[in-house]
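Reading through the structure tokens given below for one structure.
Every number in this text was worked out from the coordinates using simple rules, so none of it is lab data. It should be emphasised that the depicted structure is a prediction, and the values quoted were computed from it without experimental measurement. Here the Cβ positions follow ideal geometry from the backbone for every residue, glycine too, while neighbour counts run over all protein chains shown.
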Amino acid sequence: MKLPLTPAWRARILAVVAGVGAGLAHPPLGLIIGIAAYGLLMWLAETGGPRPLRSAFFRGWLAGVGYFTVGTHWITEPFMVDAANQGWMAPIALLAMSGGLALFWGLAALIYRLADVKGAWRVLVFAGALALCEWLRGHVLTGFPWNLPGEAWRAGSAPSQMASVVGAYGLSWITIALGAATALLWTPGRTRLAAGAAIVAALAGLYGFGALRLATAKATAADAPMVRLVQANIDQKDKWKPENLDMVFSTYVGLTTQASQVRPDIVIWPEGALPAVIDDLLAPGSPYVVRLTEALAPGQTLMMGANRVGPGAKGGVDYFNSLVVLRREAPGLRVTGFYDKHRLVPFGEFLPLGDLATRLGIRSLVHMPEDFTAGPPPRPIHPQGVPALQPLICYEALFPGFASAAAKRGGQRAQWLLNVSNDAWFGASSGPWQHLNIAAYRAIEEGLPIARATPTGVSTMIDAYGGPILGARLTLGEQGIIDVRLPPALARTVYSRFGDGGLAIMLLLSASIAVAGRIRRAH
């Protein structure tokens, strides 16, 4: 005999469905209608049993588990590279990731329930609660702003252009409010009509503003630097075998020297391109430095994602995940700049509570004797013969405002962004497509083009509006090169000037509505 589901269990299942639906709005499926799931979550958070606060938190947490399981299931892929030793950690990592991040959604549902706002304006209170907790997700501890709700819109599309004004966090507030407003369509009377009109007006505003902004796009200058992105498509399992160093190196050199109609000014290899420390490869007498010198023409610059060593603060050496810039000059190669990754991936490049984790037999996934060390706070770099740029190594492309803060710190604005990333860790999952979409939002926010170089895909050149340059993309599992001129930078955007000020105004509006509702009930 089958027992019918109780109302409490139906609500829990619906909460998971809401999270999954919102997650499916993101790449690679991009089912943007999924944002309507925020309306279901709002309804679930404002209804409940004898313990409404606990119910709201638990339902919000369940929705978060569904959302983050859809969005971060790729987290299991890195552990399968060395499945014999690390495969057992894959399900634990997924459970820990989705369950931990879901706490922010549980907190958002709890805040919304505590506000206890009635009427149609409660939509903006819900948007404020969840947008605030998403901002916290991007900042608490090391922060992990993967797949913010506002990044559900395809980067480069008309709605995505609003990120140039309010950033991905502000666009998240707008997106959540739009989705939550669909719950009002089930309300009888004038509220339904008002909600429908508001949704149509908001969508018209997003698409209208975006269309106007995209209409101002300028063509790339004929004398802009020619950039070559190299994608070697070497599997992560094979790259780090010591015996494969020569094969990996030869593959990159062969693609670098491939003939083309116009000689590239800048050649870019992805994060951790070679299974060796760059200091050893460039050491006097190394056969690789000779071959690398011969691969470049005088005046050419190679930007290589590489591992390097430096003196440690406590003696010994520190390992850095870096971008190293090499310029070919008449006498040979010269290092004209480097950037050490500042924001490291927890558990991937360093272990929080590392001493304890080591005693438990756990270590990070980095292919180094020790964890990586974080570089200093970022600033744009300006190597000889290259327009000033802000490197974003892998995970750093997730963070809104990263390049703006670096520009203020360094006293100059970059002319382009460079995201070298080892997306081979993601395998053939949704991860590379999501990472591509997320990184493109940094271009929209900053008004700067962004070049992406990855070892196995997706590599591409993205213009300052977040859209890929036509024909300039190497997809997953493809080996090859992209030769493309660097697109122009735009004038500084509102977001690059004022950061999350727009979000702050939206959150203030949400809080004001909540306070006003309480004052009305008190009287």
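Which residues in the stretch 27-43 place their backbone N less than 15 Å from a point set 7 Å from the Cα of Thr191 along the Cα-to-Cβ direction? The answer is 39-40, 42-43. Our Cα-only numbers for the stretch 371-523 put the radius of gyration and Dmax at 18.9, 69 Å.
Our estimate of slack between Leu214 and Arg334, defined as 0.36 nm per intervening residue step minus the Cα-Cα distance, is 39.2 nm. Of all beta bridges that DSSP places with both ends in the chain, some 60 percent have antiparallel geometry. Against the chain, whose longest principal axis is taken from its Cα atoms, helix 90-115 shows a tilt of about 40°.
Secondary-structure-derived ellipticity at 222 nm for the chain, considering helices only, amounts to -14000 deg cm²/dmol, per-run term -39500 (n - 2.57) for DSSP H runs with n ≥ 4. Counting only alpha carbon atoms, the long axis of helix 37-46 and the longest principal axis of the chain meet at about 50°.
Trypsin sites (Lys or Arg not before Pro), restricted to the stretch 178-268: which are DSSP loop and have at most 15 other Cβ atoms within 10 Å?
Answer in residue order: Lys218.
Seen from all directions on average, the stretch 226-487 presents a Cα convex hull projection of 14.2 nm².
If R0 is 56 Å, the Cβ-Cβ spacing of Leu141 and Ala259 corresponds to a FRET efficiency of close to 0.70. If you take the alpha carbon atoms of the stretch 162-243 and fit the smallest convex hull around them, that volume is 190 Å³ per residue. Using the Cβ-Cβ distance between Arg518 and Thr6 with R0 set to 30 Å, the FRET efficiency from 1/(1 + (r/R0)^6) comes to roughly 0.40.
Considering only GluC sites (Glu not before Pro) in DSSP loops that have at most 15 other Cβ atoms within 10 Å, the longest stretch of the chain without any of them is 1-369. Globularity index of the stretch 90-185 is 1.15 (Cα radius of gyration / 2.2 N^0.38 Å, N = number of residues). Sequentially through the stretch 153-166, phi angles give Karplus couplings (6.51, -1.76, 1.60; θ = phi - 60°) of 5, 4, 4, x, 6, 4, x, 5, 5, 5, 5, 5, 9, 10 Hz, Gly and Pro residues having no value and appearing as x.
Spatially, the stretch 24-77 and the stretch 236-290 are offset by 44 Å when compared through their Cα centroids. Taking the centroid of alpha carbons for each part, the stretch 154-178 and the stretch 317-333 are 38 Å apart. With a cap of 15 neighbouring Cβ atoms within 10 Å, and only residues DSSP puts in a loop, list the trypsin sites (Lys or Arg not before Pro) found in the stretch 56-162. Here the trypsin sites (Lys or Arg not before Pro) that fit, given the DSSP loop and packing criteria, are Lys118. Calculate the tail of P(r) for the chain: the fraction of all Cα-Cα distances greater than 41 Å, expressed in %. Here the tail beyond 41 Å accounts for 24 percent of pairs. When all alpha-carbon pairs of the stretch 8-147 are counted, what percent fall beyond 17 Å? Tail fraction, whole percent: 60.
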